Amino acid sequence: MPYYPDIAKRIILKESAALTELASNLPADFSKVVDHIINFKGRIILTGIGKSGYIAHKIAASFASTGTPAFYLHPAEASHGDLGMITEDDLVCMLSNSGESKELFDIVKYCKRFSIKIVTITMKANSTIAVNSDFLLLLPQLKEDSNIPAPTISTIMMLSLGDALTTSTHEARGFSAEDFYIYHPGGKIGANLIKVENLMRVNSQIPSVYKNTSFADTILIMNQKSLGCAIVVDEDLHLVGIITDGDLRRHINDKISLKYAEDVMTINPIRISPMQLAAEALAIMNNKSITSIPVVENEIVTGIIHIHDLLRSGIN
């Protein structure tokens, strides 16, 4: 009876060795393909059949999510009308380990007829699809792991080469975390790329008071805004201090009617920029055991961010 961890280790080590071989022998046309993608105006159309098709799906999604328009085209659908989705400005990327996937031949003929560029990822340099390509991304000719010809080594190399293409492309374009957020507004990825300015409370939502605001009025404003604090500013809206619920409790037995905001405020409070990530704001709150942070830009208070705003938006 096989010992399953041994099988698992064998395939993982073989796939790792295959990726090392690929990294040491990148296809000669790799840089040409990246340069073409950076400079052309069309879309990348990924296609493949079977397991290669699933890898093509993933590569298309990675390109699209990092700013390069791309989609997957099923070869069978292409042969039944969807060839019309391919334009002369596009780049067709075909994935076929053997390079002889007959399902792709109609796409090849169409591209050749209309002078549409083709890039092929394959192990077979002399295959039908490879010799009809404008760019060839040739994979090392390595055997699959098992006696059963189920794709393992070939698919992991295709996937890794696709990641290499997408990463090289978006890094060359200077694609930033801010750009990434545009394409990922939902889910945990999008949440953790949100900036403070997208969640902060502004204008009349800010519980702001002046140094000479009476203590009674300060309490009233804190109750109205329900953020557990008041931000003390000067006439030019510069941040002077902050008053929290804890400050109120510490002065509850004092003659509060005779006190002003400046008498109980904490000076030089923690602040944050509107351009910082909201996740940074949450980290500061957790580290300092606070629930609100004044938002300051060019020394001016422009908002306030509260822990509830962060948690509601899925920040973690």
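Bear in mind these aren't lab numbers, they're just calculated from the coordinates by the rules spelled out. Please read all numbers here as calculations on a predicted model, not as lab measurements. So basically every Cβ, Gly included, is an ideal-geometry build from the backbone, and we count neighbours across all protein chains shown.
When both bridge partners sit in segment 1-129, DSSP labels roughly 0% of those beta bridges antiparallel. Solvent-free Debye calculation, one equal scatterer per alpha-carbon of segment 260-316: log10 I(q)/I(0) at 0.16, 0.19, 0.21, 0.30 Å⁻¹ equals -0.51, -0.69, -0.81, -1.29. Peptide packing for 83-91, 305-313 was compared via the average number of neighbouring C-beta atoms within 10 Å per residue; ordered from the highest value, the list is 305-313, 83-91. Can you give me the Cα centroid spacing of segment 1-48 and segment 241-316 in angstrom? Between the Cα centre of segment 1-48 and that of segment 241-316, the gap is 49 Å.
Of all aspartates and glutamates in the structure, the ones whose alpha carbon falls short of 17 Å from that of residue 288, not counting any fewer than 8 places away in one chain, are 245, 247, 280. Based on DSSP H assignment, which helices of the chain show an axial Cα extent of at least 20 Å together with a mean Kyte-Doolittle hydropathy greater than or equal to -1.0? Membrane-span-like by this rule: 4-24, 51-65, 153-172. In the chain, the calculated helix contribution to ellipticity at 222 nm averages -12500 deg cm²/dmol per residue, counting -39,500 (n - 2.57) for every DSSP H run with n ≥ 4. For the pair residue 4 and residue 300, label points projected 7 Å from Cα toward Cβ lie 6.3 nm apart.
Of all DSSP beta bridges confined to the chain, the antiparallel ones make up roughly 45%.
Each eigenvalue of the Cα gyration tensor of segment 196-312, multiplied by 5 and square-rooted, gives one semi-axis; in descending order these are 24, 15, 12 Å. The C-alpha atoms of the chain occupy a region whose extents along the principal axes are 91, 56, 34 Å, arranged from largest to smallest. Nearest 5 percent is fine: what portion of the DSSP beta bridges confined to segment 159-277 is antiparallel? Roughly 75 percent of the DSSP beta bridges within segment 159-277 come out antiparallel.
Pick from 37, 12, 272: which is most flexible by mean-square fluctuation in a GNM of the chain where alpha carbon atoms under 10 Å apart are linked? Among 37, 12, 272, the largest mean-square fluctuation in the Gaussian network model of the chain belongs to 12. Using θ = phi - 60° in the Karplus curve 6.51 cos²θ - 1.76 cosθ + 1.60, the 3J(HN,Hα) couplings for segment 86-96 round to 8, 10, 5, 8, 7, 10, 9, 10, 9, 10, 7 Hz; x is entered for Gly and Pro.
Under 16 Å of direct C-alpha separation, and excluding same-chain neighbours fewer than eight residues apart, residue 41 reaches these aspartates and glutamates: 88, 89, 90.
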